[in-house]
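Working notes, structure below.
Derivation of every value follows stated rules applied to the coordinates shown; laboratory data play no part. Everything numeric in this text was worked out from a predicted model, so none of it was measured. Positions of Cβ are backbone-derived with ideal geometry, glycine not excepted, and every protein chain shown enters the neighbour counts.
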Amino acid sequence: MPEGRHEDFEIVTHSITMQQVADVYGFKINRKGFMRCPFHANGSERTPSLKVYQGYRGFHCKACGVGGDVIRFVELLNNLTPLEAMMELAATFQIQISTDVDISPETIERAKQARFEQQKAIILEQQKQADLKRLGTLIQAFEREIEESQPFSDMWCYCQNKLPILRGEWELLFNSINKRN
Ligand SMILES: [Zn+2]
């Protein structure tokens, strides 16, 4: 089973209406736009309660609450995965999707790895930004302490000694964040 691309789902859900799908799978829609819901009461309800929306807005059953787009409908109806349901609809309605073209497993693997690396870089960057912020807050606290404490007191000396180290760490971090931009 080839990897489905996000666009394929978009293409399929915006190419077929729920009316067309109901039609193909043998459901009758009444004049008010309702059909018998196949997802509750074994599909044998007397008053149709599944609303078929106009255009590409899918369906919703007023009785059991199940709803979604055309892919979701076929997924539930035929007990398929979303990808299988999407491909079934694409095949039934002859919609051209990217999975029609053979994508090599290597290409998919590379794309996955690239996506993973990208996410990892973003997380690391966010961590650095958070560390920088925390360090900045700490530096401010030390500066305040120096202002408020007696000059040459133990606390004053402690802060005076620590501040250059903290500032150095802040600068290193700041540079490592900004050198890549
Ligand atoms: Zn229902």
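Assorted remarks:
- The chain: radius of gyration over Cα atoms, expressed as a fraction of 2.2 N^0.38 Å: 1.88
- Using all pairs of distinct alpha-carbon atoms, the Kirkwood hydrodynamic radius of segment 6-100 works out to 13.3 angstrom.
- Segment 105-178: translational diffusion in µm²/s, Stokes-Einstein, Kirkwood Rh over Cα pairs, 10 °C, 1.306 mPa s: 107 µm²/s
- In order along segment 123-138, the Karplus-derived 3J(HN,Hα) couplings, from 6.51 cos²θ - 1.76 cosθ + 1.60 at θ = phi - 60°, round to 5, 4, 4, 5, 5, 4, 4, 5, 4, 4, 5, 4, 5, x, 5, 5 Hz, and Gly and Pro are given as x.
- Think of it as helices only: each DSSP H run of n ≥ 4 in the chain is worth -39500 (n - 2.57), and spread over all residues that comes to -19000 deg cm²/dmol at 222 nm.
- Karplus-derived 3J(HN,Hα), 6.51/-1.76/1.60, for each residue of segment 76-84, Hz, glycine and proline x: 6, 4, 9, 6, 10, 7, x, 4, 4
- Top positive-direction residue, dipole computed over segment 105-178 with Cβ charges, set Leu172, Pro151, Asn161: Leu172
- Sorted peptide list for 144-154, 53-63, 126-136, criterion being average Cβ within 10 angstrom, highest first: 53-63, 126-136, 144-154
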